[in-house]
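Every read-out reported here was derived from the displayed coordinates using simple, explicitly stated rules and does not represent laboratory data. Remember, it's a predicted structure, so these values are computed and weren't measured experimentally. All Cβ positions, even for glycine, are placed from backbone atoms using ideal geometry, and neighbour counts span all protein chains on display.
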Amino acid sequence: MTKRDLIDEIVRLFPAYSRRDAEVIVNAVFESMTEALCTGERIEIRGFGSFVVKQRRAREGRNPKTGDLVAVAAKRVPFFKVGKELKQRVDDSYSGDRHSLQGDGTTTTPGAGGGSGGSGGSDDTPPVGAASAMSGGSSTV
């Protein structure tokens, strides 16, 4: 899902908002999150996850082309930790879904010859994404 897809989804779910209004809202949310991370704040979105800034220490790396040692400076990087509820929803959406992982690392697709379980040929389950996350639930920011 891209930023544009997110804006389109807001317009679809909330027709009272224009596309421009939805774009302003999405940009404001991202800008607020960016500013919070730049000042070292932690962002927690219950049921989704949290964003924190982690400090990476200085280290020596290697130039992959030449193999020479290169000094890599210390830096701060944003880090996302998935929330328990999101992790469970993503896992549940794949268990018994269209693709199942075999012991040898390959996947099978039910209805495509040889797969077991699933719904056969039709797939009525909506994709996991912003639509399901935005449609309600107990997420608090």
Tally time: how many residues in the range 1-58 are of a type in the set (Phe, Trp, Tyr) and touching a strand residue (DSSP E or B) at 6+ places or on another chain (Cβ under 9 Å)? 2
All conditions in (1) touching a helix residue (DSSP H, G or I) at 6+ places or on another chain (Cβ under 9 Å); (2) β-branched (Val, Ile, Thr); (3) more than 30 Å from Asp8 (Cα to Cα) are true of Val70 except (1)
Name, by its number, the condition in (1) over 28 Å from Lys87 (Cβ atoms); (2) among the hydrophobic types (A, V, I, L, M, F, W, C); (3) out of contact with any Phe, Trp or Tyr (no Cβ under 8 Å at 6 or more places or on another chain) that does not hold for Ile7. (1)
